[in-house]
Amino acid sequence: MKRTLSFLLCAALLPAAALAENKPAHWSYEGATGPQNWARLEQDFSTCKLGHNQSPIDIRKTSKAKLPALEFAYSPSPLKILDNGHTIQVNYAAGSSVTIDGKRYDLLQFHFHKPSEEKINGRSYPMVAHLVHKNAEGKLAVVAVLFQKGAENPLVQTLWDALPKEKGEAQEIAGVNIDIGKLLPATQGYYNFAGSLTTPPCSEEVNWFVLKTPVDMSDAQLKRFAHVYKHNARPVQPLNGRTVQESL
Ligand SMILES: [Zn+2]
């Protein structure tokens, strides 16, 4: 009887344990798996707690300087969109990049947070898009485009019209192309600082460029996203002596 019991127990426990090893730990934006506990969910997530250059931050005191222009070289891409369980993400076709100070970073994907993760003088914006770029050495440059409530945004509308009905792999939407360049504000002054991924594993390998000028999104469009993700923003993190540079 005892042997049967232990066999049953093992049979019940083993597959779950094996599954857990292969699957990334579940994390979220609230409760037991929320930002305060990310570091406890998995060993690889320890930087979320131990790191000293974490993102997002509240941008307050800045050092104004003549900084290099962000040289965007974006071209249209077929629309590949997914709900990854944490945000709506668009995977971008190869061939678009931003060059900063002579270094080229290729655009990989962009995604959204509500409200904006970054704050300016204590204030967050209704939403933000993070445009994730990577250079040949594997270093990331993320360009943040803040959204304010205003006119309907045509590019966002194209995305929301194609919102995935369920979480999962990226789907290519036949016949639909998007041009991420159309999301950029007319003036591209920015704040720059060293930081991290704002999601686990919170790796500190990100050069952040937060554009100072927000772009519009309509109230209806904000509400449409809220329908899928009501709140998917990590709280701001300590600056720990970092300098935020601001372009003139
Ligand atoms: Zn992000």
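The values are calculated or read from the model by the stated rules, or taken from the named source; none is laboratory data. Because the structure is a prediction, the values reported are computed rather than measured. So basically every Cβ, Gly included, is an ideal-geometry build from the backbone, and we count neighbours across all protein chains shown. All accessible areas refer to the heavy atoms of the entire protein, side chains included, with ligands and DNA or RNA removed. Shrake-Rupley method; radii C 1.70, N 1.55, O 1.52, S 1.80 Å.
Would you pick out the residues in the stretch 187-242 that are loosely packed, with under 14 Cβ neighbours inside 10 Å, more than 22 Å from Asp44 (Cβ to Cβ) and polar (S, T, N, Q)?
Thr187
Just name the residue that is farthest from the chain's Cα centre (by Cα) out of those in the stretch 201-248 that are within 28 Å of Cys48 (Cβ to Cβ) and basic (Lys, Arg).
Top of the filtered list is Arg242.
Out of the strands (runs of 3 or more DSSP E) lying entirely within the stretch 135-235, which hold 3 or more residues that are among the hydrophobic types (A, V, I, L, M, F, W, C) and over 25 Å from Thr62 (Cβ atoms)?
Counting at least 3 such residues, we get 171-178.
If I ask for residues that are within 18 Å of the chain's Cα centre (by Cα) and surrounded by 12 or more Cβ atoms within 10 Å (Cβ to Cβ), which ones from the stretch 165-178 would you list?
Ala170
Looking at Ser116, Ser124, which one is within 19 Å of Arg234 (Cβ to Cβ) and within 12 Å of the ligand (Cβ to nearest atom)?
Just one listed residue meets the conditions, Ser116.
Taking the condition of being free of Cβ contacts under 8 Å to residues at least 40 places away in the same chain and assigned to a helix (DSSP H, G or I), how many residues in the stretch 46-69 meet it?
Number satisfying all stated conditions: 2.
Among the residues of the stretch 139-148, how many are buried (at least 17 other Cβ atoms within 10 Å of the Cβ) and more than 16 Å from the ligand (Cβ to nearest atom)?
At the first step, the residues of the stretch 139-148 found to be buried (at least 17 other Cβ atoms within 10 Å of the Cβ) are 140-147.
Keeping just the survivors that are more than 16 Å from the ligand (Cβ to nearest atom) gives none.
Summing the residues that are buried (at least 17 other Cβ atoms within 10 Å of the Cβ) and more than 16 Å from the ligand (Cβ to nearest atom) in the stretch 139-148 gives 0.
Testing Gln43 on (1) at pLDDT below 95; (2) within 19 Å of the chain's Cα centre (by Cα), one condition comes back false. Which one is that?
(2) is the only condition that Gln43 fails.
Looking at the stretch 99-113, which of its residues are free of Cβ contacts under 8 Å to residues at least 60 places away in the same chain and within 16 Å of the ligand (Cβ to nearest atom)?
Of the stretch 99-113, the ones free of Cβ contacts under 8 Å to residues at least 60 places away in the same chain are 99, 101-106, 108-109, 111.
Of everything in the stretch 99-113, those that are free of Cβ contacts under 8 Å to residues at least 60 places away in the same chain and within 16 Å of the ligand (Cβ to nearest atom) turn out to be Tyr105, Leu108, Gln109, His111.
Determine the pairs where a residue that is farther than 21 Å from Gln157 by Cα, located within the stretch 206-223, has a partner that is open to solvent by 20 Å² or more (accessible area, probe 1.4 Å) and among the aromatic types (Phe, Trp, Tyr) with Cβ atoms under 8 Å apart, the partner being 6 or more residues away or on another chain.
Matching pairs, first to second residue: Trp208/Tyr191; Phe209/Tyr191; Val210/Tyr191; Lys212/Tyr191.
Tell me yes or no: at least one residue of the stretch 129-138 is within 16 Å of the ligand (Cβ to nearest atom), open to solvent by 10 Å² or more (accessible area, probe 1.4 Å) and not acidic (Asp, Glu).
For the stretch 129-138, residues within 16 Å of the ligand (Cβ to nearest atom), open to solvent by 10 Å² or more (accessible area, probe 1.4 Å) and not acidic (Asp, Glu): present.
Name, by its number, the condition in (1) of a type in the set (A, V, I, L, M); (2) more than 16 Å from the ligand (Cβ to nearest atom); (3) more than 23 Å from Ala186 (Cβ to Cβ) that does not hold for Ala151.
It is condition (3) that Ala151 fails.
Identify all residues within the stretch 112-134 that are in contact with a Lys or Arg (Cβ under 7 Å, 6 or more places away or on another chain) and under 19 Å from Thr62 (Cα atoms); write none if there are none.
Glu117, Asn121
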